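**Q** Dumping the structure here so I can ask a few things about it.
The values are calculated or read from the model by the stated rules, or taken from the named source; none is laboratory data. For clarity, every value in this text was computed on a predicted model and none was experimentally measured. All Cβ positions, even for glycine, are placed from backbone atoms using ideal geometry, and neighbour counts span all protein chains on display.
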Amino acid sequence: MPLLHYRDRDAWRNWLRSAGGPAALADTGEIFADPNLILEAASHRRGVAIGFLPSIASHVASGRLAIIDRHAIRSSHRYWLVRTNEDSHTLRFCDWLVAEAANTHLSGSDLSGTDNARP
């Protein structure tokens, strides 16, 4: 099956290097600009994708996608929470979001024993 890439081939290069796979394999497959399209392509059997557990959890739980390898690596991608004002609703939402992220922490235990898959 071909590899499916998001923006560039770096994620697959890093994963293959870490897993001891053939580095040249990262030079194959389609590159997508939208991560949702990668999930769609993978669910339609167009290839194999790398995904962040929080982003793929519902797809795995529904059976649309399956985790085929439990080898996980840390991502170099980071997300920043930014806001434009200090009203109480915004602050309350930000506090809730940070708490949810801390509680989730990619436990992965709901995903077929992938609890070793941490960023």
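**Q** Does any residue in region 89-104 that is within 17 Å of ARG78 (Cβ to Cβ) and free of Cβ contacts under 8 Å to residues at least 60 places away in the same chain come within less than 6 Å, Cβ to Cβ, of a residue that is among the β-branched types (Val, Ile, Thr) and in a helix (DSSP H, G or I) six or more places away or on a different chain, and which pairs are these?
**A** none
**Q** Further question on the same structure: So ALA33 ticks every box in (1) modelled with pLDDT of 95 or more; (2) surrounded by 18 or more Cβ atoms within 10 Å (Cβ to Cβ) but one. Which box is left unticked?
**A** (2)
Rundown of residues vs (1) at positive phi; (2) basic (Lys, Arg); (3) in contact with a strand residue (DSSP E or B) (Cβ under 9 Å, 6 or more places away or on another chain); (4) not in a helix (DSSP H, G or I), yes/no style:
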| site | (1), (2), (3), (4) |
| --- | --- |
| ASN36 | no, no, no, no |
| ILE56 | no, no, yes, no |
| ILE67 | no, no, no, yes |
| HIS71 | no, no, no, yes |
| ARG78 | no, yes, no, yes |
| VAL82 | no, no, no, yes |
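**Q** For region 1-60, how many residues meet the condition of being among the basic types (Lys, Arg), out of contact with any helix residue (DSSP H, G or I) (no Cβ under 6 Å at 6 or more places or on another chain) and free of Cβ contacts under 8 Å to residues at least 24 places away in the same chain? First the steps, then the outcome.
**A** Step one: of region 1-60, the residues among the basic types (Lys, Arg) are 7, 9, 13, 17, 45-46.
Filter once more, keeping what is out of contact with any helix residue (DSSP H, G or I) (no Cβ under 6 Å at 6 or more places or on another chain): 7, 17, 45-46.
Next, from what is left, pick out any that are free of Cβ contacts under 8 Å to residues at least 24 places away in the same chain: 17.
Result for region 1-60: 1.
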